[in-house]
Amino acid sequence: MPTTWTVKALTEWTTKFFATKGVETPGKEARSLMAFVLACKPIDVVARSDEEPTDDEKARYRELIKRRAEGCPTAYLTGRRDFYMLSFEVTPAVLIPRPDTETLVVAALDTLKGVGSPRILDLGTGSGCVAVSLAYTLKTASVTAIDISADALAVARRNAATHGVSERIVFLEGDLFAPLPPAASFDAIVSNPPYIAPREFAGLAAEVRDHEPRIALDGGPDGLAFYRRIAADAANYLRVGGSLLVEIGSTQADAVTGLLSAAGLADVTVTRDGAAHPRVVSAKRV
């Protein structure tokens, strides 16, 4: 055991401990929690490796280690998660943003190239990570972000304010397209809908299954319920030439492609994520 519990000694011990608990990235999470306790960036933890935290800081770190080992995701413990070059507030009311979902943002940006002052609809906005990232990147865009959860919308509003895009995002509470006026139309509709089937929940990591909001995960009996509903109504809210882009589970490309084609949408394409898994299905209204 170390004679002095420096930042380095604490993070090294925690890394080994997290590894025994099956934490996927134990070193990164040990440093993230230490950075949270020290109120610094994770990269600064290394520079401060020889410092000895105060007794209060060590006590707070021990409590975070305990809760993480019990399965609570680090993002909920620190209240933050980086996504598409921005930092987002997250709470247990919202799904934790994943790097895979950045594929949806990149695909939407590619689709909207050359569109002046694009109008964008984000269905199931959650933390607002997609809506805010698009508004932040596209300075002339206006975004409508919808979620059925009032608690999720409160988080999304705070994230929009943090990144200075509140004036260009309208937040609406409701179920998919329901809060929209009949005449609403958009250049792009984006969505990362719930897509986990009930039979798949047992195979999810415990930190996802037991801590993230079920409403943001449960995609109905076969995981495709929301894609059916989105496909059925999307054309009513897309301008001619506008695009629908939806994130999918890695095994759902054929099924979702078929749904969008059957709904009369054209140019259906699949975009792969950084791990080469099918991640986004897009289509156009003609």
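The values are calculated or read from the model by the stated rules, or taken from the named source; none is laboratory data. The structure presented is a predicted model; accordingly, all values stated were derived computationally and were not measured. All Cβ positions, glycine included, derive from the backbone under ideal geometry; neighbour counts span all protein chains shown.
Go through the range 173-222 and report how many residues are closer than 30 Å to residue 241 by Cβ and in a loop (DSSP other than H, G, I, E, B). Lay out the reasoning, then the answer.
Within the range 173-222, the subset closer than 30 Å to residue 241 by Cβ is 173-195, 219.
Now drop any that are not in a loop (DSSP other than H, G, I, E, B), which leaves 174-185, 192-195, 219.
Counting residues in the range 173-222 that are closer than 30 Å to residue 241 by Cβ and in a loop (DSSP other than H, G, I, E, B) gives 17.
Yes or no, residue by residue, for (1) buried (at least 18 other Cβ atoms within 10 Å of the Cβ); (2) hydroxyl-bearing (Ser, Thr, Tyr); (3) touching a Pro at 6+ places or on another chain (Cβ under 8 Å):
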| site | (1), (2), (3) |
| --- | --- |
| 48 | no, no, no |
| 53 | yes, no, no |
| 81 | yes, no, yes |
| 88 | yes, no, yes |
| 96 | yes, no, yes |
| 107 | yes, no, no |
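Would you mind stating whether residue 98 is among the basic types (Lys, Arg), under 30 Å from residue 37 (Cα atoms) and touching a strand residue (DSSP E or B) at 6+ places or on another chain (Cβ under 6 Å)?
Numbers: among the basic types (Lys, Arg): yes; under 30 Å from residue 37 (Cα atoms): yes; touching a strand residue (DSSP E or B) at 6+ places or on another chain (Cβ under 6 Å): no.
In short, no.
When you go through 75, 108 one by one, which is the residue that is farther than 24 Å from residue 209 by Cα and aliphatic (A, V, I, L, M)?
On the way: 75 fails: farther than 24 Å from residue 209 by Cα.
It is 108.
Between a first residue in the range 274-286 that is assigned by TED's automatic domain parsing to the domain that holds residue 187 and hydroxyl-bearing (Ser, Thr, Tyr) and a second residue that is modelled with pLDDT under 95 and surrounded by 22 or more Cβ atoms within 10 Å (Cβ to Cβ), which pairs have beta carbons less than 6 Å apart while being 6 or more apart in sequence or on different chains?
As it stands, the answer is none, since no pair meets every condition given.
Can you tell me which of 209, 239 is charged (D, E, K, R) and more than 20 Å from the chain's Cα centre (by Cα)? Give the derivation first.
Details: 209 fails: more than 20 Å from the chain's Cα centre (by Cα).
Testing whether each residue is charged (D, E, K, R) and more than 20 Å from the chain's Cα centre (by Cα) leaves just 239.
All but one of (1) touching a helix residue (DSSP H, G or I) at 6+ places or on another chain (Cβ under 8 Å); (2) on the phi > 0 side of the Ramachandran plot hold for residue 241, so report the exception by its number.
Exception for residue 241: condition (1).
Identify the single condition in (1) in contact with an Asp or Glu (Cβ under 7 Å, 6 or more places away or on another chain); (2) in a helix (DSSP H, G or I) that residue 10 does not satisfy, given that it satisfies every other one.
(1)
Among the residues of the range 94-143, what is the count of those that are small (Gly, Ala, Ser) and either part of a helix (DSSP H, G or I) or not assigned by TED's automatic domain parsing to the domain that holds residue 248 (or both)?
Selection size over the range 94-143: 5.
Restricting to the range 11-51, what's the tally of residues that are touching a residue at least 24 places away in the same chain (Cβ under 8 Å), of a type in the set (D, E, K, R) and under 21 Å from residue 86 (Cα atoms)?
Here the count works out to 1.
So which residues in the range 110-127 are crowded, with 17+ Cβ neighbours inside 10 Å and either within 19 Å of residue 185 (Cα to Cα) or in contact with a strand residue (DSSP E or B) (Cβ under 6 Å, 6 or more places away or on another chain) (or both)? Step through it out loud before you land on a result.
At the first step, the residues of the range 110-127 found to be crowded, with 17+ Cβ neighbours inside 10 Å are 111-112, 115, 118-127.
Answer for the range 110-127, where residues must be crowded, with 17+ Cβ neighbours inside 10 Å and either within 19 Å of residue 185 (Cα to Cα) or in contact with a strand residue (DSSP E or B) (Cβ under 6 Å, 6 or more places away or on another chain) (or both): 111, 112, 115, 118, 119, 120, 121, 122, 123, 124, 125, 127.
Among the residues in the range 246-268, are any among the small types (Gly, Ala, Ser), closer than 15 Å to residue 104 by Cα and touching a residue at least 60 places away in the same chain (Cβ under 8 Å)?
Going through the range 246-268, the residues among the small types (Gly, Ala, Ser) turn out to be 249-250, 253, 255, 258, 261-264, 266.
Going one step further and asking which of them are closer than 15 Å to residue 104 by Cα, we end up with 249-250, 253.
Subsequent filtering for residues that are touching a residue at least 60 places away in the same chain (Cβ under 8 Å) retains none.
So far as the range 246-268 goes, no, none of its residues is among the small types (Gly, Ala, Ser), closer than 15 Å to residue 104 by Cα and touching a residue at least 60 places away in the same chain (Cβ under 8 Å).
Of the residues that sit in the range 150-199 and are closer than 27 Å to residue 221 by Cβ and surrounded by fewer than 16 Cβ atoms within 10 Å (Cβ to Cβ), which one is nearest to the chain's Cα centre (by Cα)?
Here the answer is 151.
Within the range 114-131, how many residues turn out to be in contact with a Pro (Cβ under 9 Å, 6 or more places away or on another chain) and at positive phi? Break it down into steps so the answer makes sense when it comes.
Let us first name the residues in the range 114-131 that are in contact with a Pro (Cβ under 9 Å, 6 or more places away or on another chain), namely 123-124, 126-127, 129-130.
Checking which are at positive phi leaves us with 124, 126.
Qualifying residue count, the range 114-131: 2.
Yes or no, residue by residue, for (1) in contact with a Gly (Cβ under 9 Å, 6 or more places away or on another chain); (2) assigned to a helix (DSSP H, G or I):
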{"site": "23", "(1), (2)": "no, no"}
{"site": "36", "(1), (2)": "yes, yes"}
{"site": "44", "(1), (2)": "no, yes"}
{"site": "49", "(1), (2)": "no, no"}
{"site": "77", "(1), (2)": "no, yes"}
